[in-house]
1. For the chain, what's the relative contact order in percent, using C-alpha pairs closer than 8 Å and at least 6 residues apart?
2. Gap in Å between the Cα centre of the stretch 206-274 and the Cα centre of the stretch 148-171?
3. How high is the relative contact order of the stretch 127-296, given as a whole-number percent (alpha carbon pairs under 8 Å, six or more residues apart)?
4. Which is the longest stretch in the chain that no exposed loop site breaks, taking sites as GluC sites (Glu not before Pro) with a DSSP loop state and at most 12 other Cβ atoms within 10 Å?
5. State which helices in the chain qualify, where a helix is a whole DSSP H run, it must extend 18 Å or more along its own axis by its Cα atoms, and its mean Kyte-Doolittle hydropathy must be at least -0.5.
6. For the stretch 1-156, what is the accessible area per residue in Å² when the probe is 1.4 Å?
7. For the ranges 52-63, 216-227, what's the packing order if you count other beta-carbon atoms within 10 Å of each residue, average per peptide, and put the highest first?
8. Percent of accessible area on the chain owned by carbon and sulfur, 1.4 Å probe?
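The values are calculated or read from the model by the stated rules, or taken from the named source; none is laboratory data. From a predicted model like this one, the values you see are computed outputs, not experimental measurements. Please note: Cβ atoms are built from the backbone with ideal geometry, for glycine as well, and neighbour counts cover all protein chains shown. We work out accessible area using only protein heavy atoms, side chains counted, and drop any ligands, DNA or RNA first. Shrake-Rupley method; radii C 1.70, N 1.55, O 1.52, S 1.80 Å.
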Amino acid sequence: MDSVVLGIESSCDDTAAAVVVAGRVRSSIVSSQRIHADFGGVVPELASRAHQRLIVPVVDSALVEAGVTREDITAVGVTYGPGLAGSLLVGLSFAKAYALGLGVPLIGVNHLEGHIYSVFIEDESPAFPYLCLIVSGGHTQLVIVEENFEHSVLGSTLDDAAGEAFDKVAKLLDLGYPGGPVIDRLAAAGDPSFHTFPRSRPGGYDFSFSGLKTSVLYYLNGFDDKTRTMLLEEHLNDICASFQQAVVDVLVDALDRAIDETGIRDIAIVGGVSANTALRRDARKMADAAGARLFIPPLEYSVDNGAMIAMAAYFKLRAGITSPWTLTAHPDLALDRQTSQIA
Ligand code: KG4
Ligand code: ZN
């Protein structure tokens with residue numbers, strides 16, 4: 001019988017559920033919480049309350065859209081970290097009750113594993129081992145992904161995540177939250193060589209973006225009020241493009257070096273920032289030059305979604321990995337600890 005995996009994601013401000021039948025995504029429902037935009041960032045307490053309100057209708061819609069009933073489900077996958085404690089708890093408690101009630105296995109999924117397995121949603125997918133650059137609002141890591149959930153982390157950000165840098169710079173420029181999509185759109189009409197912001201390479205494959213954010217702040221503060229207003233009126237696109245190029249350059253450079261040093265030629269870019277137009281364009285160019293195959297999930301699966309959690313859970317189910325009922329939320333869960341056994 002085909003496996004029917006329900007995947008649930010509630011680690012931040014998206015309440016999401018999806019159904020994967022025999023390894024194919026049949027439905028994916030995401031309810032993004034709009035309330036946070038008014039606050040310029042995610043408000044944890046509001047997020048958990050919204051998850052509580054949304055989780056039942058979102059899961060119900062995922063089942064209806066997939067054309068399956070509750071009784072068809074053979075396993076429930078759920079994000080149990082990293083993320084906001086209260087938000088994680090809503091999804092995890094719901095998933096435990098649901099799986100227990102149905103008498104099917106519970107499969108805890110690390111949110112980052114979800115992003116890593118998002119490249120298996122499309123027909124064309126990488127072969128193991130592949131290099132995976134995870135670039136989201138909370139994480140920036142370069143990882144070698146082996147079969148059966150073995151990961152070697154080559155490098156991580158030492159401070160801000162790439163998406164966080166986009167969000168913070170957008171805030172400095174008064175562009176609203178989340179900042180990535182707005183900066184991407186404005187940068188499309190800008191000149192990336194207008195101003196050279198620093199490309200930070202702290203060593204190995206590690207990243208650092210907080211200095212870049214500060215350098216944008218110092219750059220803007222270097223003008224008096226009147227000049228700054230004029231500059232932003234005339235050159236907002238150019239400033240966005242220059243900042244964006246600094247982020248893209250260090251990300252693409254790290255991937256390029258990793259291809260060279262590991263000899264691995266299947267590469268993936270996942271997480272919200274992989275939606276970025278300049279990153280997609282420059283990474284494609286680099287991959288072509290390096291003779292590598294590049295995989296980037298379609299936009300709806302780059303940002304947080306339930307399909308990637310259901311897909312990772314499907315792979316775990318196939319590998320015989322399930323979680324105990326004592327599984328708890330791990331807000332600081334990291335990729336380089338063996339996560340499936342954590343209770
Ligand atoms: O993966 P994701 O949806 O959530 C996390 O797990 O963090 O990523 C959200 C992040 C936000 O920081 C957002 O600004 C960024 O992804 N983002 C982008 C773009 N679309 C979303 N950053 C740059 N360019 C984009 N087009
Ligand atoms: Zn994410």
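1. In percent, rounded to a whole number, it is 25.
2. Result: 13 Å between the Cα centres.
3. 27 percent
4. Here the longest segment lacking exposed loop sites spans 151-343.
5. What comes out of the filter, once short or polar helices are dropped, is 44-66, 85-102, 225-262.
6. 37 Å²
7. Averaged packing, sorted descending, gives the order 52-63, 216-227.
8. Accessible surface attributable to carbon and sulfur in the chain totals 51 percent.
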